[in-house]
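Have a look at the structure below before the remarks.
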Amino acid sequence: TTLFATLFDDRITCQGPSCCINRMADHPVGDLYSPCPESKWSGRLPAGVDELDVLLAGIPTPALYMAGRKDEVFQIDWSRGLAAEAAECYNMAGAADRFRFFEDESGHAYTLAQVREFVAWMNRWMLGEPERPVPELDPEDFPMLPYEQLQCHPAPEENIFTLNRVIARQQAAARPERRDSGQLRDAVAAVIGEPGTVDEWEESNRFQVWSQTSRELLATVEGLHVPATLMEPMPEYAREDRPWLLFIDDAGRQKALESWGPAAQLSRMIQRDEIPIHPSVFVPDLPGWGDTEPALVPYSMTGWGSMDRLTAYLSCTMGDGVLRIRTRVAASLIRHLLEHCEVDPARLIVVGRGLGGSVALMAAALCEGELGGVVTWDGLTSFQSLAEEEGYTWPAGAFLPDVLVHFDLPELMRGLPCPVAVLNPLDAAREPVDEVGLEEMVGPLPDSVILEPGCDSGRAIGVIGELLERVAG
């Protein structure tokens with residue numbers, strides 16, 4: 001915050017960053033730290049803007065760079081090397097006296113020793129009194145405040161949340177009111193990128209489960225391994241005109257299938273008659289979900305850390321948010337089903353549950369052909385709602401960088417060229433949205449959209465089953 005404030009506010013006469021400068025390749029990327037998100041904007045790393053670059057961009061503003069010799073996070077060897085580089089750059093700019101490095105005996109902390117050093121630095125550059133004495137400070141005079149007083153309670157006026165909410169509303173107001181499916185595809189592609197190809201597709205042997213067969217497969221997309229379960233009817237139940245179901249669950253395919261999970265129910269595996277028609281069911285674990293959930297790293301054990309935050313923040317600052325990656329992978333899998341598995345797009349239903357609902361809508365928008373239908377179940381109703389609700393409970397991976405400039409989910413619900421079912425839509429707090437709230441968030445929808453606010457799992461499975469019947473020959 002200090003580094004950026006110095007760049008943008010001419011009133012700042014001098015700065016004293018403490019325990020915060022490093023090469024981003026070392027921290028947070030190298031040590032897999034869950035960083036503060038506000039300075040990790042989308043695409044920062046590919047743009048080559050490192051922490052030292054921000055400090056040096058503030059030249060000739062005087063800078064006291066403070067580091068702890070025992071810092072557990074920002075290793076002192078990193079700080080010493082960067083301090084030497086910063087001193088050289090200040091010297092080249094003719095401002096050698098405006099940079100100083102102070103090495104404290106502390107760990108990762110802003111200590112009273114650093115306070116004294118910075119006060120002396122301000123005396124020199126703000127008051128022009130470099131010899132002004134700085135009083136000794138007794139640690140006993142500075143007890144830790146009660147926990148309640150240390151908690152963050154932003155002022156009700158402008159703060160990070162309110163400022164971002166204003167920006168989100170401005171972006172929403174600037175978007176076109178109506179767009180056709182081609183324009184929506186371009187809008188989604190501008191945020192997500194174009195889907196690629198499935199480079200490898202490995203399958204296990206089939207295993208019979210009553211009227212269905214089940215096999216495990218491993219697809220490789222963009223260098224990422226995507227495990228999946230593929231269920232196809234036994235020959236006596238396998239009709240050429242059968243529907244296909246792509247089921248994406250942010251809880252993973254095991255949750256979708258195990259103990260008569262929804263994807264297993266929709267396969268109709270224990271039904272031996274030919275009516276209803278038995279579909280093929282494809283259930284992948286998109287990157288970061290299910291079997292591809294990343295293993296715990298040490299810094300994610302902290303109260304502010306989590307694997308969700310780590311992957312969301314780092315993928316964002318590397319210019320490719322994790323929700324973008326998941327959507328491209330899903331769209332690539334759809335393309336593979338259509339082109340290599342010879343699935344008729346009109347017979348393919350794409351279902352997304354949880355955050356899988358957002359993925360399903362966006363992946364469907366990227367498809368060239370008209371699908372049989374798209375279902376978002378227990379899904380986020382709009383990205384805008386995340387900017388409107390301070391108490392959101394969706395994971396950090398739900399935030400899609402740059403999306404509101406181009407589109408929001410309700411526009412896809414309205415504009416996809418196929419039937420869309422919105423089942424038990426959820427708000428930013430992951431609470432069901434009632435009909436009144438849904439109308440406020442989504443607006444009027446065409447008759448092709450099936451709205452089922454507050455529906456339970458049984459009803460949701462019934463609606464999906466009806467869609468499968470509708471697209472069957």
Query raised in the report: Does anyone have the angle between helix 307-317 and the longest principal axis of the chain? Alpha-carbon axes, 0 to 90°, nearest 10?
Result: 80 degrees
Report summary line: Across 5 Å bins beginning at 0, the whole-percent shares of Cα-Cα pair distances in region 390-462 come to 3, 14, 21, 24, 23, 11, 3, 0
Query - Entry for semi-axes √(5λ) of the Cα gyration tensor in Å (calculated from the structure that is shown) out of (1) 39, 32, 30; (2) 36, 34, 19; (3) 53, 23, 20 - result: (3)
Query raised in the report: Once every DSSP H run of n ≥ 4 in the chain is given -39500 (n - 2.57) and the sum is divided by its residues, what mean residue ellipticity at 222 nm do you get, rounded to the nearest 500 deg cm²/dmol?
Result: -10500 deg cm²/dmol
Requested in this report: Please compute the net charge surrounding L217, taking Lys and Arg as +1 and Asp and Glu as -1 over other residues with Cβ under 13 Å from its Cβ.
Outcome: -4
**Report entry** R0 of 45 Å, Cβ-Cβ distance A5-D447: FRET efficiency to nearest 0.05
**Finding:** 0.30
Query raised in the report: Over the chain, what is the relative contact order in whole percent, taking alpha-carbon pairs under 8 Å and six or more residues apart?
Result: 15 percent
Query raised in the report: Which value, in debye to the nearest 20, describes the size of the charge dipole of region 171-471 about its Cα centre when Lys and Arg Cβ atoms bear +1, Asp and Glu Cβ atoms bear -1, and nothing else is charged?
Result: 280 debye
Report summary line: One finds, for D31 and D273 with R0 = 51 angstrom and r their Cβ-Cβ distance, a FRET efficiency to the nearest 0.05 of 0.30
Query raised in the report: In degrees from 0 to 90, rounded to the nearest 10, what is the angle of the helix 355-366 Cα long axis to the longest principal axis of the chain?
Result: 70 degrees
**Report entry** Relative contact order (percent, whole number), region 1-98, Cα cutoff 8 Å, 6+ residue spacing
**Finding:** 35 percent
Report summary line: One finds, for D199 and E339 with R0 = 22 angstrom and r their Cβ-Cβ distance, a FRET efficiency to the nearest 0.05 of 0.95
Query - Around G373: net Lys/Arg minus Asp/Glu count, Cβ-Cβ under 12 Å - result: -1
Report task. Taking the chain as the reference, fit the longest principal axis to its C-alpha atoms, fit the long axis of helix 160-174 to the helix C-alpha atoms, and give the angle between the two in degrees, 0 to 90, nearest 10. Result -> 50 degrees
Report summary line: Note to self: C-alpha centroids of region 122-191 and region 3-71 sit apart, in Å, by 15 Å
Query raised in the report: Could you state the number of Å between the C-alpha centres of region 401-437 and region 199-214?
Result: 34 Å
Query raised in the report: In nanometres, what is the gap between the two model label sites at T220 and S181, each 7 Å from Cα along Cα-to-Cβ?
Result: 3.4 nm
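Where a number appears in this text, it was derived from the coordinates with a stated rule and is not lab data. These figures come from a predicted structure and were not determined experimentally. Cβ sites come from the backbone with ideal geometry, for glycine too, and all protein chains shown count toward neighbours.
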